[in-house]
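Chemist: Below is one structure. I have some questions about it.
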Amino acid sequence: MHSISSTKQGGYFEYKPMYFSQIPIHTIDSSNPSDKSCHYSMVALIRQMLELHKQLSSAKTEHDKTVIRRQIDATDRQIDQLVYELYGLTEAEIKIVEDGST
């Protein structure tokens, strides 16, 4: 978004429909078994992520927090992989995304 939208005074970005319309958003085709499977997997992983964050906030020991953080990281990687698959990204494109998100 930052590469296509206008920068305002103070370093703020302008978020207008004309900028959002340039972002490719994949629409799930419920008649496509692959899309449907990906959707259900994504929903399950997001629910798992929400539950893990609840567990993290109530964890008592540092060991428990570490274990839950590792599960969160693993779940996050699974979600990323599903998104890459959904958009049909190549290894080179995945590298660009991952290098740009750090």
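Chemist: Got a sec to turn the phi values of segment 27-40 into Karplus ³J(HN,Hα) couplings, 6.51 cos²θ - 1.76 cosθ + 1.60 with θ = phi - 60°, whole Hz, x for Gly and Pro?
Modeler: 9, 6, 9, 5, 8, 8, x, 5, 4, 4, 4, 4, 4, 5
Chemist: Longest segment of the chain with no trypsin sites (Lys or Arg not before Pro) in a DSSP loop having at most 11 other Cβ atoms within 10 Å?
Modeler: Answer - 9-59.
Chemist: Moving on. Taking all protein chains in place and a 1.4 Å probe, what share, in percent, of the accessible surface of the chain do carbon and sulfur account for? Don't jump to the answer; show the numbers that get you there.
Modeler: Values: 4370 of 7900 Å².
Exposed carbon and sulfur together represent 55 percent of the surface.
Chemist: Keeping all protein chains in place, calculate the accessible area per residue for the chain (probe 1.4 angstrom), answer in Å².
Modeler: In whole numbers, the chain has 77 Å² accessible per residue.
Chemist: Leaving out same-chain residues fewer than 8 places away, which lysines sit with a Cα under 27 Å from that of residue 36?
Modeler: Within reach: 95.
Chemist: From the list [x] 34, 31, 22; [y] 46, 45, 26; [z] 53, 27, 19, can you say which value of Cα extents along the principal axes in Å was derived from the structure given?
Modeler: Derived directly from the coordinates: [y].
Chemist: Turning to a different aspect of this structure: Where a Cα-Cα gap under 25 Å defines reach, which lysines qualify for residue 54, not counting those fewer than 8 residues away within the same chain?
Modeler: Of all the lysines, those that pass the test against residue 54 - Cα under 25 Å, at least 8 places apart if same chain - are 65.
Chemist: Something else about it: Quick one: longest stretch of the chain between exposed loop chymotrypsin sites (Phe, Trp or Tyr not before Pro), exposed meaning at most 12 other C-beta atoms within 10 Å and loop per DSSP?
Modeler: Details: sites that count: 12, 15.
Between exposed loop sites, the widest span is 16-102.
The values are calculated or read from the model by the stated rules, or taken from the named source; none is laboratory data. Every value quoted in this text rests on a predicted model; they were computed, and no experiment measured them. With ideal geometry, Cβ positions are generated from the backbone for all residues, glycine too; neighbour counts draw on all protein chains shown. With ligands, DNA and RNA removed, areas are computed over all heavy atoms of the protein, side chains included. Shrake-Rupley method; radii C 1.70, N 1.55, O 1.52, S 1.80 Å.
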